[in-house]
Amino acid sequence: MKQVAIYARVSTIDQNPEIQVKELKEYVEKNHEMELYRVYKDKTSGAKDSRPELNKLMTDARAHRFNHVVFWKVGRLGRNAIHVQTVANEWKKLGITFSITTMDIDTSSPVGRFIFGILAQFAEMERAMIRERTSVALKQIKETIKEEGEYKTKDGKVIKRLGRPKGSKDKKQRKKSGYYKRWADDSK
């Protein structure tokens, strides 16, 4: 019987991984050769190699607490092909296989491992495309603000400048010391 770990991830704390968890639990329950060990849920970017729950999952994997991992899509494991491949290679060395439920991929076969490698590259490309689209949109907003003095969002919100909004702790002018001074002194 396979001891199964479930890994679910969403990109922000505003999102909820429970949709993924529900589907992954149903997948495990339908497969009579699987028994659920634990569910790991992260609410952070897939671009980060170090994530709290992924780190716990890897620690438990090294302790041989399970022998199979189930996750929803390659992009949920990570958005960096090298990191995703590193994790997959470590699991392989530990004798851990994994399934990607929405793509019907199981790495216990050579074809599954091959397809997984290709999908890891697509996940990284998708992240790069998201960054590119965001960069283009921000550039367009900056130009609009420069030309018109403001930018109106689809929901009618008016933006007069980009950046982090001032908070209650930002009323005083920040002290220019440390890092700032060090670089300012070097430029003389």
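It is to be established whether one or more residues within the range 151-163 are of a type in the set (Gly, Ala, Ser), at pLDDT below 75 and either exposed (fewer than 10 other Cβ atoms within 10 Å of the Cβ) or out of contact with any helix residue (DSSP H, G or I) (no Cβ under 9 Å at 6 or more places or on another chain) (or both). Checked the range 151-163: no residue is of a type in the set (Gly, Ala, Ser), at pLDDT below 75 and either exposed (fewer than 10 other Cβ atoms within 10 Å of the Cβ) or out of contact with any helix residue (DSSP H, G or I) (no Cβ under 9 Å at 6 or more places or on another chain) (or both). Is there a residue in the range 33-41 that is in contact (Cβ under 8 Å) with a residue 12 or more places away in the chain, in a loop (DSSP other than H, G, I, E, B) and surrounded by 16 or more Cβ atoms within 10 Å (Cβ to Cβ)? Looking through the range 33-41, none of the residues is in contact (Cβ under 8 Å) with a residue 12 or more places away in the chain, in a loop (DSSP other than H, G, I, E, B) and surrounded by 16 or more Cβ atoms within 10 Å (Cβ to Cβ). The listed residues are ALA47, ALA81, ALA61, and the only one of them that is touching a helix residue (DSSP H, G or I) at 6+ places or on another chain (Cβ under 7 Å) and either of a type in the set (Asp, Glu) or more than 23 Å from ARG131 (Cβ to Cβ) (or both) turns out to be ALA61. Taking first residues from the range 50-63 that are under 15 Å from LYS93 (Cα atoms) and partners that are in a helix (DSSP H, G or I) and of a type in the set (Phe, Trp, Tyr), the Cβ contacts under 7 Å between residues at least 6 apart in sequence or on separate chains come to ALA61/TRP91.
The single condition from (1) polar (S, T, N, Q); (2) assigned to a helix (DSSP H, G or I); (3) under 20 Å from ILE19 (Cα atoms) that ASN55 fails is (3). Just to verify a result, which residue in the range 71-85, among those that are of a type outside the set (A, V, I, L, M), modelled with pLDDT under 85 and in a helix (DSSP H, G or I), is farthest from TYR27 (Cα to Cα)? Among those residues, the one meeting the criterion is HIS83.
The values are calculated or read from the model by the stated rules, or taken from the named source; none is laboratory data. The structure presented is a predicted model; accordingly, all values stated were derived computationally and were not measured. Methodologically, a virtual Cβ is constructed for each residue, glycine included, from the backbone with ideal geometry; neighbour enumeration extends over all protein chains shown.
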